[in-house]
Amino acid sequence: MAEQTPVEKIPTVIADNVDIVYRVNGTGAGRGTATAALNRILRRKQAEKAAGVRKVHAVKKVSFVAYRGEAIGLIGTNGSGKSTLLKAVAGLLPVESGHIHTDGQPSLLGVNAALMSDLTGERNVFLGGLAMGMSREQIKERYQDIVDFSGINEKGDFITLPMRTYSSGMAARLRFSIAAAKDHDVLLIDEALATGDRSFQKRSEARIRELRQHAGTVFLVSHNNKSIRDTCERVLWLERGELRMDGPTEEVMKEYEAFTGDKKPAPKKPAPKAGAAKVNTPQPAAPKEPLPS
């Protein structure tokens, strides 16, 4: 029997020893003077010291390789660098040191993605599609699918109203629906599945699986552990800017939940049947409430 040729794994994103640093203006001496302004232009480091600039090391020496067809979850407690790393992969943030290489054009989708609040949902569908590189003809062909997927019109003709009249959940669902209308080389999703009801979340998860089948790579940042488990087969765990673990979803999630204390309580015992003898056995202490992730 002939041996099967192994399927070639094609890298789509390579992060090589990446550092990302934010600079926050402080109240140091010399700020606003002509000399300090000149120093800021000519010698950034000297100017930062003179202006009291504080550095925040958001991502520290992170390395990984993502492959075509993968759906990768990014988890970590608040402030761990997840969204910062996504923005850098999308090319929206510079790296301090190291390199990020991508095959194709990454597209970042977040709940704060910029659409025009004074324009109608309909106009924003066209603007969002054009911004992603779709032609007007492609947008017209997929327009109704986008609206139906978002569920915006389930309780009225909201797609013809300005987006400033939408709830945050409605706006986030429309953003996801626009982004999901196109097959992406690399799709970066920041908390998009945390909005909407369970029905929309299921549609979103199914669409992500379709995107993967079209040779794309999906990154998902979420605090919803179930969405990560349902959507991703691999997880990157960032903590305090460092890559703490990279591996299969269930292995990483178990370690992360142990770290955060987010464990499921033991299942309740069934109530005794009528007429059955009641045994007075000592009861264990009630399980503690799980800590927020």
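Data overview
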item: Residue within the range 18-36 that is modelled with pLDDT of 60 or more and closer than 30 Å to Glu210 by Cβ present; result: yes
item: Count - residues of the range 212-226 that are within 12 Å of Leu74 (Cβ to Cβ) and either buried (at least 22 other Cβ atoms within 10 Å of the Cβ) or of a type in the set (S, T, N, Q) (or both); result: 5
item: All strands (runs of 3 or more DSSP E) inside the range 61-176 with 1 or more residues being within 16 Å of the chain's Cα centre (by Cα) and surrounded by fewer than 20 Cβ atoms within 10 Å (Cβ to Cβ); result: 106-110
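The values are calculated or read from the model by the stated rules, or taken from the named source; none is laboratory data. All of these numbers come straight from a predicted model, not from anything done at the bench. For neighbour counting, all protein chains shown are included, and Cβ atoms are generated from backbone atoms with ideal geometry for every residue, glycine included.
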